[in-house]
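The values are calculated or read from the model by the stated rules, or taken from the named source; none is laboratory data. Just so it is clear, the model here is predicted, and its values are computed rather than measured. So basically every Cβ, Gly included, is an ideal-geometry build from the backbone, and we count neighbours across all protein chains shown.
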Amino acid sequence: MKTKLSDCLRPLMLGALFLGTAASAAVQSIDKVVAIVDNDVVMQSQLDQRVHEVQQTIAKRGGGTPPPGVLEQQVLERLIVENLQLQIGERSGIRITDEELNQAVGTIAQRNNMTVDQFRAALAHDGLSYDDAREQIRREMVISRVRQRRVAERIQVSEQEVKNFLASDMGKMQLSEELHLANILIPTPESANSEAIQSAARQAMAVYQQLKQGADFGQMAVAKSASDNALEGGDMGWRKAAQLPPPFDRELSTMAVGDITQPARTPGGFIILKLLAKRGGESQTRDEVHVRHILVKPSPIRDEAKTKALVQSLYDRIEAGEDFATLAKNYSEDPGSALNGGDLNWIDPNALVPEFRAVMADTPQGKLSKPFQTQYGWHVLEVLGRRATDSTEQAREQQAMTVLRNKKYDEELQTWLRQIRDEAYVEIKLPGADQAAQ
């Protein structure tokens, strides 16, 4: 099975393309610095490898690749910002232990239905070093923790904010569906004058006109966007419209899939959105079963056969008319339900072990199951009722909390990334680059 490293890493990644240098890259006799970033540097080999990875991602997505010079500068800017975050992590004492890294690698392998050995073999098949892959994962974990400390931990959403959002017309409308979006951001400096703002507006409108004439959105994002997700074709994933700044929150609800918005001014610059897909909007229900059971466990003084025989005798006594609750109180070894006559109350089947869940599903309401075994021992159960519970309100509250947190996080993250970039000493030495030292 041919497995690309980018596919293996993506379930764990938080949006950024991974870092590092593949072992398959040709050994260069002379490497050179393409950017000085505070107390570190970005090397030509790093840039070349990242450009190669981005080109592979774009090709897999089916989009066109922007001119090499444009792509190179976009990728270099991404590397600079990532480098700054890694330096923050180093200064903050953030360390990823070998145990944590091993767990992360195991998680990636498992999510791709592979063992760690198979994951290592898949990397080798693509000409990639396992050690380099571990280093890429480690760096991505450091960046994630830096963002958690500097951005996510500062975000608070109060219960009142959730209530206000749910009570608003906008909240009621936006929680009815999810939107898959992509964006292109034409930035404006934090203290931009009117001339700079007008220049950015003209550039954004030029991009918009090219898109309306059929230009590929993903390719334009890679070439022109300053957003953190530019190298992924501007893909923002699934969002609620309420997470977006006005006027997009209302405009997107009436747009058709495939449509794009006109450029709109935001604090970070001019943004264009494309609606890739819609989903959701239906009410959410959860199946619940009212069940009671008797559990008998094997012990040093009662082997498996005697335990099974005891449960069978209890089953026969209930069938003969004895009271289930009384027998459960006297014989059941489930401390959580025995005193309640074995009653588990209304329960989500997904909270139960598979064997119990399967027998419960096959037992008609008001009927007794035959004795059966699970990892806990031997059971007999009775289904007292079934219902579908409307969990929409609870789900809506959780969705509202997520929407408000994500909205604040997105805004804060972009502001923070621009801030650390503006405050850093960056000297770009890439041949042909028109940027000056900052």
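List of remarks:
- Checked against (1) in a helix (DSSP H, G or I); (2) at pLDDT 85 or above, ILE36 passes all but a single condition, namely (1).
- Residues in segment 175-196 that are hydrophobic (A, V, I, L, M, F, W, C) and surrounded by 15 or more Cβ atoms within 10 Å (Cβ to Cβ) were compared, and the one that is farthest from GLU423 (Cα to Cα) is LEU175.
- Qualifying residues in segment 146-174 (those that are over 14 Å from TYR409 (Cα atoms) and surrounded by 17 or more Cβ atoms within 10 Å (Cβ to Cβ)) - the one modelled with the highest pLDDT: VAL162
- Evaluation of HIS293 against the conditions (1) surrounded by fewer than 18 Cβ atoms within 10 Å (Cβ to Cβ); (2) farther than 30 Å from ILE184 by Cβ shows that the sole unmet condition is (1).
- The residues on offer are GLN74, GLN118, and the sole one that is farther than 27 Å from GLN44 by Cβ, assigned by TED's automatic domain parsing to the domain that holds VAL51 and at pLDDT 90 or above is GLN118.
- Of all the residues in segment 355-409, those that are in a helix (DSSP H, G or I), touching a residue at least 12 places away in the same chain (Cβ under 8 Å) and among the charged types (D, E, K, R) number 6.
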